[in-house]
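Below you'll find the structure, written out as structure tokens, and then a few comments.
Laboratory data are not the source of any read-out in this text; all were calculated from the coordinates shown. Keep in mind that this is a model prediction, so the values were computed, not measured. With ideal geometry, Cβ positions are generated from the backbone for all residues, glycine too; neighbour counts draw on all protein chains shown.
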Amino acid sequence: MVYFTVGPTQLFSEVKNFIKEALTEDILSISHRGEKFKKIYDFAERSLRKLLDVPDTHEIFFFSSATEIMERILQNCVEKHSFHVVNGAFSERFYQIARELGKEPHILRKEWGSGIYPDEVKVEKQDEIICMVQNETSTGVSIPMEVIYGIKESYPDKILAIDIVSSAPYVDINFRMVDIAFFSVQKGFGLPAGLGVCILHKQCIQKAKSLANRGISIGSYHGFLNIHKKSIDKQTVETPNVLGIYLLGKICEFFISTKGTDSLKNIVRKHAGMIYESIEDSKVFGAFVKENYFRSETTIVLESKYGSKSVLDFLRGKGIEVSSGYGKFKDRHLRIGNFAMHTTKEVEELLTSLNIFEEKSLKS
């Protein structure tokens, strides 16, 4: 079975060897307070910094998931007011977490499938942070980084936090223009689920300290201050996903040494072009995101004239797994995870199968 799912998705083939190495080295048995783990932590951090060009102005923290990171950001960087761009399920989740934490969030709500331009964003003076999902896994909308930089330029005093869950490590980020970027590893990194990574400017730690000093809760044990204190010694506040951190370091090293970030991006870009081009004249499938400028290259969402179930079943019979739509579009959309572990041959087989389904459906 080939997994074009949007997350978890297909593992990079090399990951199986990395797991075997971890078992051989007894990585799953070591103490997270020992020197061997500190070396694993340090290697993962250094490799990720090199891969994503993360400057020394930013720290790297490990969590269990991107959803947890949303909560930690809002606890540690917001006293009362946050601003949220909402155009899909995961940006909606970011907003709802703020509400559940008792914050007073402001919102720019857009239709699912729509992008935004900088001049649409009107942040209020009291807003402390701008929260966005750069690539919406639910809809296939990708906000170009130039748009995000434009928002930061308009509001340089606001913390800017972006979810890059389904675009990392392919999206280019200038961290001088982004205060927080976070992701989980089960998509573009092609790793098993269970690890979230938050890259944050040191000013965010100072914001957490300021809130704590004024008696405002920043989340007790999982507050940024505790996490930062442990990270200095290459440790975590609790027993972490040791295997996940080990695999992250290994896959980053693999990307750097054998493919390089440009090569990875070229693979994703090429395959996205093939998929979008293949449906241009289709009578069954169409891109959900109508404006080319906002179409994701990593999370491609198609509308299906015959719904999703029959297509999913047909593809499954061909040994291909893609994702159904999300939420209210579950039975109408197909979501294709297009990441660098997929080969051109596999993409061609996916497109051939979609064409066969279309031909059969139109004849029946």
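Under 5 Å between amide hydrogens, built in the peptide plane, is the criterion, and for Arg295 it picks out Ser142 among residues at least 5 positions away or on other chains.
For the chain, what is the calculated [θ] at 222 nm in deg cm²/dmol (nearest 500), taking -39500 (n - 2.57) for each run of four or more DSSP H residues and dividing by its residue count?
-12500 deg cm²/dmol
For region 1-64 versus region 252-296, the spacing of their alpha-carbon centroids is 25 Å. Judged by the ratio a/c of the largest to the smallest principal axis of the C-alpha gyration tensor, the chain counts as oblate, that ratio being 1.5 or greater while a/b is no larger than b/c. Here the relative contact order of region 75-168, from alpha carbon pairs under 8 Å that lie six or more residues apart, stands at 31 percent. Close amide-amide hydrogen proximity is noted between Gly286 and Glu303, each under 5 Å apart and 5 or more residues distant or on a separate chain (H modeled in the peptide plane; Pro and chain starts excluded). Could you tell me the calculated FRET efficiency between Tyr117 and Glu280, based on Cβ-Cβ distance and R0 = 22 angstrom, to the nearest 0.05? It comes out at approximately 0.30.
With an 8 Å cut-off on Cα pairs and a minimum separation of 6 or more residues, tell me the relative contact order of the chain in percent. This gives 24 percent for the chain. Label positions at Glu291 and Lys328, each projected 7 Å from the Cα along the C-beta direction, are separated by 1.9 nm.
Its residue count N fixes a reference of 2.2 N^0.38 Å for region 259-363, and the Cα radius of gyration divided by that reference is 1.04.
Cβ under 13 Å from Val86's Cβ, Val86 left aside: what net charge do those residues give with Lys, Arg +1 and Asp, Glu -1? Before the final figure, lay out the partial values.
Numbers: positive: Arg93, Arg99, Arg109, Lys110; negative: Glu92, Glu111, Glu120, Glu136, Asp163.
With Lys, Arg at +1 and Asp, Glu at -1, the net is -1.
When you work out D = kT/(6 pi eta Rh) for region 68-174 at 20 °C and 1.002 mPa s, using the Kirkwood radius from C-alpha pairs as Rh and the Stokes-Einstein form, the result is 156 µm²/s.
When the dipole is taken about the Cα centre of region 259-363, and only Lys, Arg (+1) and Asp, Glu (-1) are charged at their Cβ, what size is it in debye, to the nearest 20? Before the final figure, lay out the partial values.
On the way: 18 positive and 15 negative charges, 59 e Å.
It works out to roughly 280 debye.
Taking every DSSP bridge with both residues inside the chain, close to 55 percent are antiparallel.
Which length gain, in nm to one decimal place, applies between Arg49 and Thr67 when the Cα-Cα distance is subtracted from 0.36 nm times their residue separation? Kindly include the intermediate steps, with their values, before the conclusion.
Details: separation 18, 0.36 × 18 = 6.48 nm, distance 2.20 nm.
Fully extending the segment from Arg49 to Thr67 adds 4.3 nm.
Region 298-364 and region 218-245 have Cα centres lying 40 Å from one another.
Just how large is the dipole of the chain about the Cα centre, in debye to the nearest 20, putting +1 at every Lys and Arg Cβ and -1 at every Asp and Glu Cβ? Before the final figure, lay out each step's value.
Details: 48 positive and 47 negative charges, 109 e Å.
With only Lys, Arg, Asp and Glu charged at Cβ, the dipole is about 520 debye.
Think of region 202-348 as having a plus end and a minus end, set by charges on the Cβ of Lys, Arg, Asp and Glu; of Ser257, His228, Val242, His228 sits farthest toward the positive end of this dipole.
Taking packing as the residue-averaged number of other Cβ atoms within 10 angstrom, the listed peptides 199-207, 111-119 run from highest to lowest as 199-207, 111-119.
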